[in-house]
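First up is the structure itself, then whatever we jot down about it.
Every number here is computed from the coordinates shown, using simple stated rules; none is lab data. Note that the coordinates shown come from a computational prediction; the quantities given were computed from them, not determined experimentally. When we count neighbours, we look across all protein chains shown, and the Cβ atoms used for this are built from the backbone with ideal geometry, even at glycine.
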């Protein structure tokens, strides 16, 4: 079992590395560390598996969860999920703010990769990034509000599909904030045209 894991780890490392450049991590390294722990032998073998990364040249790889920034972590996880999805691991992938801690060109690269991924399976993505939202085939607006009734208050989450014009307005709002400007609407049009 350990030999099979080592062989698979090399294939995984190579596949993940191929995903990093399009996600603006072209100088990063990814490595799967497999260490035998015979004292902890069990039904799944004697190996301990850990993902190591280095986001910068000259820095030794260290545990992914300890050294990656929020934006780097999101992109490494996206690369891993893309590689695993290619092996048929799931017909639907859900990403909750996979673009956390990134913006601009990096957010656009994440949106592009999610768009390509969605060609082969269903992708649901919660995002605050207009670059990612513009890549979607369908756009749902999620809102929370306080509802009063029945003798109390409670928070209610609503999900509503957006029409083309409502989608444009929402992407413009994501670009500009509370006050939607004509410039933001024009930029939303450019984003939607470039990704459509």
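A few points about this structure:
- Each peptide in 142-152, 55-65 gets a packing score, the mean of other Cβ atoms within 10 Å over its residues, and the list from highest to lowest is 55-65, 142-152.
- When only Cα pairs below 8 angstrom with a gap of at least 6 residues are kept, the chain shows a relative contact order of 13 percent.
- Potential extension, residue 59-residue 141 segment - 0.36 nm per residue separation minus Cα distance: 25.4 nm
- Three-way shape call for segment 27-87 based on the alpha-carbon gyration tensor, with the a/c threshold at 1.5: oblate
- Counting only DSSP beta bridges with both residues in segment 46-167, the antiparallel share comes to about 70 percent.
- Per-q log10 I(q)/I(0), segment 4-111, q = 0.16 Å⁻¹ (Debye; single scatterer per alpha-carbon; no solvent): -0.77
- Debye-sum result for segment 90-157 in log10 I(q)/I(0), which assumes one identical scatterer on each alpha carbon, at q = 0.26 Å⁻¹: -1.13
- Ranked by the mean number of other Cβ atoms within 10 Å of their residues, highest first, the peptides 187-194, 173-180 fall in the order 187-194, 173-180.
- Above 32 Å, the calculated P(r) of the chain contains 31 percent of its Cα-Cα pairs.
- Degrees, to the nearest 10: 104-117 long Cα axis against longest axis of the chain: 80 degrees
- Angle between the chain longest axis and helix 2-20 axis [Cα atoms, degrees, rounded to 10]: 40 degrees
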